[in-house]
Amino acid sequence: MKIFIQREILGRFESEFNDKDKGLVKTKKIQILDTLENGKHVLSEIKLDENQDITLLIPGTKIMLPVTYSTVQNKTYFKQFGELKINGK
């Protein structure tokens, strides 16, 4: 399922790991804060496309981003699925 997330970025980071089949794999992620219906706050991470430029994605930047998501063992995983737009640009 594809949805749009419109939030303010709390953080961004890149990480890398060695995959036995693919070699060195780099991932880019941003962090956002969601408020659930019961009022609880949840920190969510969104995995970005490998070609996504994250230099403009500084904390406080408001974005709109199409994502896909999946849930495994009560944990939801988000992944970029289209063009990220910075609000106001």
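Numerical summary
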read-out	value
Where the chain is the region considered: accessible area per residue in Å², 1.4 Å probe	75 Å²
Spin-label model distance (nm) - PHE4 vs LEU56, 7 Å beyond Cα toward Cβ	1.7 nm
Cα-based shape type of the chain, given that a ≥ b ≥ c are square roots of the gyration tensor eigenvalues and the cut on a/c is 1.5	oblate
Accessible-area ranking of LEU10, LEU84, largest first, probe 1.4 Å	LEU10, LEU84
Proximal lysines relative to LYS40, as straight alpha-carbon distance under 30 Å, when same-chain residues fewer than 8 apart are discounted	LYS2, LYS28, LYS29, LYS62, LYS75, LYS79, LYS85
Surface share of carbon and sulfur [accessible, 1.4 angstrom probe, percent] for the chain	49 percent
Local electrostatic count, LEU43, Cβ distance below 15 Å [Lys/Arg +1, Asp/Glu -1]	+3
LYS47-ASP19 pseudo-label distance in nm [points 7 Å out on the Cα-to-Cβ vector]	0.8 nm
Distant-in-sequence amide H partners of GLY11 (H built 1.01 Å from N, under 5 Å)	GLN31
Percentage relative contact order, the chain, counting C-alpha pairs under 8 Å, at least six apart	31 percent
Beta bridges by DSSP in the chain, antiparallel share as percent, to the nearest 5	95 percent
Overall form of the stretch 38-77 per C-alpha gyration tensor (a/c, 1.5; a/b vs b/c)	oblate
The stretch 53-60 - phi-based ³J(HN,Hα) in whole Hz, Karplus 6.51/-1.76/1.60, Gly and Pro as x	7, 9, 5, 8, 8, 8, x, x
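The values are calculated or read from the model by the stated rules, or taken from the named source; none is laboratory data. In this text the structure is predicted, and so the values were computed from the model without any measurement. Counting neighbours? That spans all protein chains shown, and the Cβs are built from the backbone with ideal geometry, glycine included. All accessible areas refer to the heavy atoms of the entire protein, side chains included, with ligands and DNA or RNA removed. Shrake-Rupley method; radii C 1.70, N 1.55, O 1.52, S 1.80 Å.
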